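The values are calculated or read from the model by the stated rules, or taken from the named source; none is laboratory data. None of these values were measured; they are calculated from a predicted model. Neighbour counts are summed over all protein chains in view; Cβ atoms, including those assigned to glycine, are modelled from backbone coordinates with ideal geometry.
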Amino acid sequence: MAKRPYIVGNWKMHGTRAMLAEARAIDRASERLIKVEVAVAPPFTLIHATRKEANLIGIGAQDCHNLEGGAHTGDISAVMLKDAGAGFTILGHSERRANHGEKDADVRAKGEAALAAGMNIIVCVGETEQQRDAGKATSVVTKMLKGSLPQCDDPAERITIAYEPVWAIGTGRTPTIEDIGDMHKAIRESLVAIYGEDAAPDMRILYGGSVKRENAAELLAAEEVGGALVGGASLSAESFLGIIIAAAETEEA
Ligand code: 13P
């Protein structure tokens, strides 16, 4: 079953309550853009308020702890995020892996916790420039998938993969369409190996890294790309909607 393209804005560590106006504008516009599934992942502090402002789009978190609660100062559990209104969480983003030393096993444990709390997950994988130059991009990503993905009875509905080459994040650089297609095909093969031939074909694989309105149509048309995880260009409704409209047009083409 072909799914609608999924366009997710990762606001990272951006946004105070002044940003709620952007969320409201994205939510309103998405009423007309029903061919696309839209979501934003604001910082923890805005999840509840964004959920109250926005009725149509998905609202998610950018991380969670792997335990339900306890003596973990400064951490937030999946149960708390669900309670605040998050329907999903991003996990294993390269900025978390680099800045907080998260390993594949940590990402998997967080994924198990999020699924158990009733949230869906977007698991991020991607190679560094050095790894790509060494010809290791596919093997690195395949290993990350094996180590990071949790067991799940219904992965097609609950788990999304985001392929985000580290060197393409926030740099304005993107892989070629062929390289994206090749990597997404390799990811699909890994998903078949992990989740089996029934579920894997229906799992969405997003591309992330310097997606903008200007390149969205081309990137979204690459083989096996089921949507985009957008950083900088998701911070204003105007630029994010440009990408969402491009996704809607890709569906019509
Ligand atoms: P940019 O779109 O700013 O390159 O960020 C991509 C990203 O990291 C989304 O998770």
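When the residues of region 39-71 are filtered to those that are within 12 Å of the chain's Cα centre (by Cα) and of a type in the set (Val, Ile, Thr), the one that is surrounded by the most Cβ atoms within 10 Å (Cβ to Cβ) is VAL40. Does THR250 satisfy the criteria of being farther than 20 Å from ALA41 by Cα, more than 15 Å from the chain's Cα centre (by Cα), within 16 Å of the ligand (Cβ to nearest atom) and surrounded by 15 or more Cβ atoms within 10 Å (Cβ to Cβ)? Against the criterion (farther than 20 Å from ALA41 by Cα, more than 15 Å from the chain's Cα centre (by Cα), within 16 Å of the ligand (Cβ to nearest atom) and surrounded by 15 or more Cβ atoms within 10 Å (Cβ to Cβ)), THR250 does not qualify.
Just one of the listed residues (LEU235, LEU191, LEU206) is hydrophobic (A, V, I, L, M, F, W, C), closer than 15 Å to VAL123 by Cβ and within 11 Å of the ligand (Cβ to nearest atom), and it is LEU206. Going residue by residue through region 167-181, is there one that turns out to be surrounded by 14 or more Cβ atoms within 10 Å (Cβ to Cβ), of a type in the set (Phe, Trp, Tyr) and either without any contact (Cβ under 8 Å) to a residue 24 or more places away in the chain or within 16 Å of the ligand (Cβ to nearest atom) (or both)? For region 167-181, residues surrounded by 14 or more Cβ atoms within 10 Å (Cβ to Cβ), of a type in the set (Phe, Trp, Tyr) and either without any contact (Cβ under 8 Å) to a residue 24 or more places away in the chain or within 16 Å of the ligand (Cβ to nearest atom) (or both): present. Taking ALA200 and the conditions (1) more than 16 Å from the ligand (Cβ to nearest atom); (2) over 18 Å from the mean Cα position of the chain (by Cα); (3) modelled with pLDDT of 95 or more; (4) small (Gly, Ala, Ser), which numbered condition does it fall short on, given that it satisfies the others? Of the numbered conditions (1) more than 16 Å from the ligand (Cβ to nearest atom); (2) over 18 Å from the mean Cα position of the chain (by Cα); (3) modelled with pLDDT of 95 or more; (4) small (Gly, Ala, Ser), the odd one out for ALA200 is (2).
Screening LYS136, LYS143 for residues that are modelled with pLDDT of 95 or more and under 19 Å from the mean Cα position of the chain (by Cα) leaves exactly one candidate, LYS143.
With respect to the stated conditions, GLU102 is within 16 Å of the ligand (Cβ to nearest atom), closer than 20 Å to ALA78 by Cα and either crowded, with 18+ Cβ neighbours inside 10 Å or of a type in the set (S, T, N, Q) (or both).
All of (1) among the β-branched types (Val, Ile, Thr); (2) within 16 Å of the ligand (Cβ to nearest atom); (3) touching a residue at least 40 places away in the same chain (Cβ under 8 Å) hold for VAL211 with one exception: (3). Against the conditions (1) within 16 Å of the ligand (Cβ to nearest atom); (2) in contact with a strand residue (DSSP E or B) (Cβ under 9 Å, 6 or more places away or on another chain); (3) more than 22 Å from GLU189 (Cβ to Cβ), ILE161 satisfies every one except (3).
Let's see how each residue does on (1) in contact with a helix residue (DSSP H, G or I) (Cβ under 8 Å, 6 or more places away or on another chain); (2) within 20 Å of ALA248 (Cβ to Cβ):
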position: ARG4; (1), (2): yes, yes
position: HIS72; (1), (2): no, no
position: LEU81; (1), (2): yes, no
position: LEU91; (1), (2): yes, no
position: VAL107; (1), (2): yes, no
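Considering (1) surrounded by 16 or more Cβ atoms within 10 Å (Cβ to Cβ); (2) within 16 Å of the ligand (Cβ to nearest atom), the lone condition that ILE76 does not fulfil carries the number (2). Restricting the first member to region 1-30 and to residues that are in contact (Cβ under 8 Å) with a residue 60 or more places away in the chain, and the second to residues that are part of a loop (DSSP other than H, G, I, E, B) and charged (D, E, K, R), the beta-carbon pairs closer than 7 Å and six or more apart or on different chains are LYS3/ARG204; ARG4/LYS35; TYR6/ARG204.
Applying the condition of being part of a loop (DSSP other than H, G, I, E, B) and more than 16 Å from the ligand (Cβ to nearest atom) to region 6-53 and asking which residue is nearest to GLU95 (Cα to Cα) yields THR16.
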